[in-house]
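Each remark here refers to the structure printed beneath this line.
The values are calculated or read from the model by the stated rules, or taken from the named source; none is laboratory data. For clarity, every value in this text was computed on a predicted model and none was experimentally measured. Methodologically, a virtual Cβ is constructed for each residue, glycine included, from the backbone with ideal geometry; neighbour enumeration extends over all protein chains shown.
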Amino acid sequence: MKKDNKRVIYWLFTGCLLIFIMVVVGGITRLTHSGLSISNYKLISGTIPPMNDVEWQEAFNLYKQYPEYQKLNNQFTLQDFKDIYFWEWLHRVIGRFIGLVFFIPFLYFLIKKQLSKAIVKKSIVLLCLGAFQGFLGWYMVKSGLVDNPDVSHYRLAAHLTTAFITFAYTFWVALDLIFPHRKEINTTFRNLVRLSLAFLLLQIIYGAFVAGLDAGFIHNHWPMMSEGKFMHQTVYIEQSPWYKNFIEGKSGVQFVHRILAYIVVLFIFLIWKKSKKLNLTIYQSKGINLLLIIVCIQFLLGVFTILLQVPVWLGVAHQIGAFFLLSAMTFTLHRFSK
């Protein structure tokens, strides 16, 4: 790692940390059903919450105009509204702050000519991902302001997955600067890690589907779904046509999430076993060992989240586990890439 790159690396890692915090707060926002508490979008003035009783009442009156209040929360007091408003406001403010943290230092490093052409291109990709993530957030919220007082699980998945991808790419760019020189690697093994990453991303998408459909509140048994069945009959009869069971049906989506968990664990154990036959560097070995430890913890968190019917703290912990698992997978893949 060159000394000139240290500040750039710190900048990128700061971005990673903020995205992590953003995802955690986003998970709390979802699990506390706070995401539709702010029904308008004001880029600048929206950073300041209501400051007096009149402004709070105006914000509450605006909330009352939309389906979530009218169909679900019409018993809410102003204090109840303030409680859910906080998490959505905090989530949005962190998003704006991330934008500033990425954009302003980028301009500084660009003017000071501290970025190579390759890093400039990658930084522009990061800025585009961040802007797209902000758009997806509002696009997601809009889906819950029409008739159904809940956001589209497809839009939620797009919003969450883009956050994970933005984090992973930021982390990857930082690793490029920390480890500028790569070694010859086993391409077959690298492709196994790539395939594992693809299944992990698919699992993250289905985790968002489960969250968006509140599918974690049913079939709260393990290893069977319920009634002693590995696949409950509602998995394949809930929706029509049949394939919608696995993308829109609560039972079907939870079933796929369960199966993908087994597949991800299997792939990581396969990575660990096959790595024993390779001559590994210390960082490659650490990456694989981390993968194995984290996937075991994440699997247990998933099981207990289902068994305990998704308490907020455990749902957030499970989401954090996915974040750490993606981090370990990204690091491992980077150490096996040219």
Is one or more of the residues making up segment 191-213 within 21 Å of residue 317 (Cβ to Cβ), in contact with a Lys or Arg (Cβ under 7 Å, 6 or more places away or on another chain) and in a loop (DSSP other than H, G, I, E, B)?
-> yes
From the option list 287, 302, single residue qualifying as buried (at least 22 other Cβ atoms within 10 Å of the Cβ) and more than 19 Å from the chain's Cα centre (by Cα) is 287
Just give me the residues in segment 256-282 being touching a residue at least 60 places away in the same chain (Cβ under 8 Å) and either of a type in the set (Ser, Thr, Tyr) or more than 16 Å from residue 198 (Cβ to Cβ) (or both), in sequence order.
-> 274, 275, 278, 281
What pairs come up if the first residue lies in segment 287-298 and is closer than 13 Å to residue 266 by Cα and modelled with pLDDT of 95 or more, the second is surrounded by 20 or more Cβ atoms within 10 Å (Cβ to Cβ) and of a type in the set (Gly, Ala, Ser), and their beta carbons are under 7 Å apart, counting only those six or more places apart or on different chains?
-> 291/328
All but one of (1) in the same structural domain as residue 94 (by TED's automatic domain parsing); (2) in a loop (DSSP other than H, G, I, E, B) hold for residue 248; which doesn't?
-> (1)
So which of 43, 12, 18, 62 is assigned to a helix (DSSP H, G or I), hydrophobic (A, V, I, L, M, F, W, C) and surrounded by fewer than 15 Cβ atoms within 10 Å (Cβ to Cβ)?
-> 62
For segment 278-307, what are the residues that are in contact with a helix residue (DSSP H, G or I) (Cβ under 9 Å, 6 or more places away or on another chain) and more than 30 Å from residue 225 (Cβ to Cβ)?
-> 278, 280, 281, 283, 284, 285, 286, 287, 288, 289, 290
Considering residues that are assigned to a loop (DSSP other than H, G, I, E, B) and within 14 Å of residue 9 (Cα to Cα), the number found within segment 106-126 is 3
If we scan segment 93-101, do we find a residue that is over 30 Å from residue 7 (Cα atoms) and either in contact with a strand residue (DSSP E or B) (Cβ under 8 Å, 6 or more places away or on another chain) or among the aromatic types (Phe, Trp, Tyr) (or both)?
-> no
Can residue 167 be described as touching a helix residue (DSSP H, G or I) at 6+ places or on another chain (Cβ under 6 Å), outside the structural domain of residue 266 (by TED's automatic domain parsing) and under 30 Å from residue 281 (Cβ atoms)?
-> yes
Kindly indicate whether residue 137 is touching a residue at least 12 places away in the same chain (Cβ under 8 Å), touching a Lys or Arg at 6+ places or on another chain (Cβ under 9 Å), within 30 Å of residue 13 (Cβ to Cβ) and crowded, with 17+ Cβ neighbours inside 10 Å.
-> yes
Please determine, by comparing only the residues of segment 79-128 that are among the hydroxyl-bearing types (Ser, Thr, Tyr) and surrounded by fewer than 19 Cβ atoms within 10 Å (Cβ to Cβ), which one is farthest from residue 175 (Cα to Cα).
-> 108
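For every residue, the table says whether it meets (1) under 25 Å from residue 31 (Cβ atoms); (2) without any contact (Cβ under 8 Å) to a residue 40 or more places away in the chain; (3) assigned by TED's automatic domain parsing to the domain that holds residue 27.
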position: 59; (1), (2), (3): yes, yes, yes
position: 103; (1), (2), (3): no, yes, yes
position: 108; (1), (2), (3): no, yes, yes
position: 119; (1), (2), (3): no, no, yes
Does at least one position in segment 259-278 carry a residue that is under 24 Å from residue 176 (Cα atoms), modelled with pLDDT under 95 and in a loop (DSSP other than H, G, I, E, B)?
-> yes
Selection from segment 279-293 of residues farther than 13 Å from residue 328 by Cα and part of a helix (DSSP H, G or I) yields 282
Restrict the check to segment 242-256 and report whether at least one residue is more than 25 Å from the chain's Cα centre (by Cα), among the hydrophobic types (A, V, I, L, M, F, W, C) and either exposed (fewer than 13 other Cβ atoms within 10 Å of the Cβ) or modelled with pLDDT of 90 or more (or both).
-> yes
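Here's the yes/no breakdown for (1) surrounded by 22 or more Cβ atoms within 10 Å (Cβ to Cβ); (2) of a type in the set (Ser, Thr, Tyr); (3) at pLDDT 95 or above:
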residue	(1), (2), (3)
178	no, no, no
189	no, no, no
202	no, no, yes
209	yes, no, yes
218	no, no, no
221	no, no, no
Given the conditions (1) within 27 Å of the chain's Cα centre (by Cα); (2) among the basic types (Lys, Arg); (3) more than 30 Å from residue 175 (Cβ to Cβ); (4) surrounded by 12 or more Cβ atoms within 10 Å (Cβ to Cβ), which single one is not true for residue 30?
-> (3)
